[in-house]
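The values are calculated or read from the model by the stated rules, or taken from the named source; none is laboratory data. Note that the structure is predicted; figures quoted are calculated from it, not measured. All Cβ positions, even for glycine, are placed from backbone atoms using ideal geometry, and neighbour counts span all protein chains on display. We work out accessible area using only protein heavy atoms, side chains counted, and drop any ligands, DNA or RNA first. Shrake-Rupley method; radii C 1.70, N 1.55, O 1.52, S 1.80 Å.
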Amino acid sequence: MTARAHSFHHAVRGFAAGTDTPRAYLERCLETIATREPVVRAWVVTNEAGARAAADASTQRWRDGRALSPIDGMPLGIKDLLETRDMPTQMGCPAYRGNFPKRDNAAVWALRQAGAVVLGKTVTTELGGAHPGPTTNPFDQRRTPGGSSSGSAAAVGAGMVPAALGTQVGGSVIRPASYCGNVALKPTQGGINRGERQATSMSTTGIHAGTIEDMWQVAIEIAKRAGGDPGRPGLFGPPAPPEARRPTVLGVMETEGWDALDDASKAAFEQVVAALRTAGVTVLRRADHPMLEAFETSLVGVQAMTSAITGWENHWLFRNLVAAEAEAISARSRAVLAMAERMTPEDYRLRLMQREELRLRHALLAPIVDAVIAPASPGPAPLWAGEVPNAKPVARPTGDAVFNTPSSGIGAPAVTIPLTTVGGMPMGIQVMAQVNMDAQAAAIARWMLETLPPVAA
């Protein structure tokens, strides 16, 4: 494992005591970026001058005893799907090259209001889809960092910044966090205001971080200021990171991916289950309770269902881009458009009905388990050597979202923690709670991370 940036949560003690400063912290981050960025390639653009000015202002506030929040001075990366007033927003797509709206996304605005230092824009896959960008895995450059929040996950995993914003529609926060050894929160749907990115019903802004404390503090500081999506109550939870909480009963969520999971990754997950039981937690499998079995049954086809819903909701955007500049859109994205164009409004309605059934089955687990756990990805990050010229595009070059689409479809919060390694590479374990129970998911995940022994398989 590589060294990551020191926890900002713990660095704050030095700011208050006068033994450290936000500017010095930023310079340590910039040194790491200078060392690791040539290989990891996590950033599209950085604004070092603006970041230094913001860090200097934060340093003065800490000296004066008037810090704006516990994340005042925290350097952050922003996924390049989210608008920033001082840097372009190019969405990993040639059709948006040079796009510079000069305005802040709601979450970015909230971070600035909290005193955070917006350091740069991190690489995303094309339009947040499956077509990869240049970023490599911080633990092995031959492997994918995951997607679509590739740069945000890799920047945190490489120790460049303590936290970064990502977004998830299928598995774009939780899966890359798993591959890059991060903690991450994919909040309840609408828990963090998406600002301009309201087009799809399952898109969610999430947080990559090196620690549970930094993850939660970033999320709650955004929610305090910008709230949730229109019509949503926003993220619930305490103003400080939730205390670790030992669960009483956890359920295992196998999903469609279980049978295809490799033996080493299964063995690592089973060691986590065994450690939970040793610690006094009851862990139920699908054969142990009919409601868990019913939930697993409703997960059959969930990946196809969520992909169809998102494809339908995105296809006007894709259609207009292809009509305006077809060569600027990848063959992979054009294939997604072609599938969506074959759908009808009735097909979309059917998928929405299936999603509602899934949400009901999950809600019915509330009296039975405190949360469900699952691998956060189907094993460690796969090797990725790039496209083969003139060949059919690889279906999932940034990895498979099969273990992530349940939380996206349900709109439930999920937290992943770097509890296991397989073949020397990270593989996260995720905790998925009921809708609006984000703090419970974070508390259980924190307890697991602090209590259970790390697993290597």
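The table that follows gives values for the structure above.
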{"read-out": "Flag if VAL118 is among the β-branched types (Val, Ile, Thr) and closer than 22 Å to ASN47 by Cβ", "value": "yes"}
{"read-out": "Cross-chain or 6+ apart pairs with Cβ under 8 Å, the range 26-40 first and touching a residue at least 12 places away in the same chain (Cβ under 8 Å), then open to solvent by 50 Å² or more (accessible area, probe 1.4 Å) and in a helix (DSSP H, G or I)", "value": "LEU26/ARG52; LEU30/GLU48"}
{"read-out": "Subset of the range 223-266 [out of contact with any Asp or Glu (no Cβ under 7 Å at 6 or more places or on another chain), of a type in the set (Asp, Glu) and open to solvent by 20 Å² or more (accessible area, probe 1.4 Å)]", "value": "GLU243, GLU256, ASP259, ASP262, ASP263"}
{"read-out": "Residue among ILE429, ILE410, ILE373 that alone is among the hydrophobic types (A, V, I, L, M, F, W, C), more than 23 Å from GLY210 (Cα to Cα), open to solvent by less than 40 Å² (accessible area, probe 1.4 Å) and within 23 Å of the chain's Cα centre (by Cα)", "value": "ILE410"}
{"read-out": "Evaluation of VAL322 against (1) modelled with pLDDT under 95; (2) more than 27 Å from the chain's Cα centre (by Cα); (3) open to solvent by 70 Å² or more (accessible area, probe 1.4 Å) (one fails), failing number", "value": "(3)"}
{"read-out": "Residues that are surrounded by fewer than 19 Cβ atoms within 10 Å (Cβ to Cβ) and either assigned to a helix (DSSP H, G or I) or of a type in the set (A, V, I, L, M, F, W, C) (or both), drawn from the range 338-351", "value": "ALA338, MET339, GLU341, MET343, PRO345, GLU346, ASP347, TYR348, ARG349, LEU350"}
{"read-out": "Qualifying positions in the range 6-47 - β-branched (Val, Ile, Thr) and either out of contact with any strand residue (DSSP E or B) (no Cβ under 9 Å at 6 or more places or on another chain) or over 19 Å from GLY151 (Cα atoms) (or both)", "value": "VAL12, THR19, THR21, THR32, THR35, VAL39"}
{"read-out": "Tally, over the range 193-232, of residues that are over 18 Å from GLY128 (Cα atoms) and of a type outside the set (D, E, K, R)", "value": "17"}
{"read-out": "Qualifying residue in the range 75-83 (condition: outside any loop (DSSP other than H, G, I, E, B), closer than 24 Å to GLY133 by Cβ and in contact with a Cys (Cβ under 6 Å, 6 or more places away or on another chain))", "value": "yes"}
{"read-out": "Inter-residue pairs, beta-carbon under 7 Å, first farther than 19 Å from PRO367 by Cβ and in the range 271-300, second buried (at least 18 other Cβ atoms within 10 Å of the Cβ) and among the polar types (S, T, N, Q), 6+ apart", "value": "VAL272/THR420; LEU299/THR255"}
{"read-out": "Among residues of the range 267-303, those that are touching a strand residue (DSSP E or B) at 6+ places or on another chain (Cβ under 7 Å) and open to solvent by less than 60 Å² (accessible area, probe 1.4 Å), counted", "value": "10"}
{"read-out": "Number of the exception - GLU327 against (1) within 22 Å of ALA381 (Cα to Cα); (2) part of a helix (DSSP H, G or I); (3) open to solvent by 30 Å² or more (accessible area, probe 1.4 Å); (4) of a type in the set (D, E, K, R)", "value": "(1)"}
{"read-out": "Candidates LEU276, LEU292, LEU321, filtered to the one that is farther than 30 Å from PRO453 by Cβ and part of a helix (DSSP H, G or I)", "value": "LEU321"}
{"read-out": "Those residues of the range 18-41 which are over 16 Å from GLY159 (Cβ atoms), of a type outside the set (S, T, N, Q) and either at pLDDT below 95 or part of a loop (DSSP other than H, G, I, E, B) (or both), in sequence order", "value": "GLY18, ASP20"}
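Results for (1) modelled with pLDDT of 95 or more; (2) part of a helix (DSSP H, G or I); (3) within 28 Å of PRO426 (Cβ to Cβ); (4) not aliphatic (A, V, I, L, M), shown as yes or no for each residue.
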{"site": "ARG52", "(1), (2), (3), (4)": "yes, yes, no, yes"}
{"site": "THR59", "(1), (2), (3), (4)": "yes, yes, no, yes"}
{"site": "MET91", "(1), (2), (3), (4)": "yes, no, yes, no"}
{"site": "PHE100", "(1), (2), (3), (4)": "yes, no, no, yes"}
{"site": "VAL108", "(1), (2), (3), (4)": "yes, yes, yes, no"}
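The rows are residues; the columns are (1) assigned to a loop (DSSP other than H, G, I, E, B); (2) of a type outside the set (Gly, Ala, Ser).
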site	(1), (2)
ASP214	no, yes
ALA219	no, no
ARG232	yes, yes
VAL272	no, yes
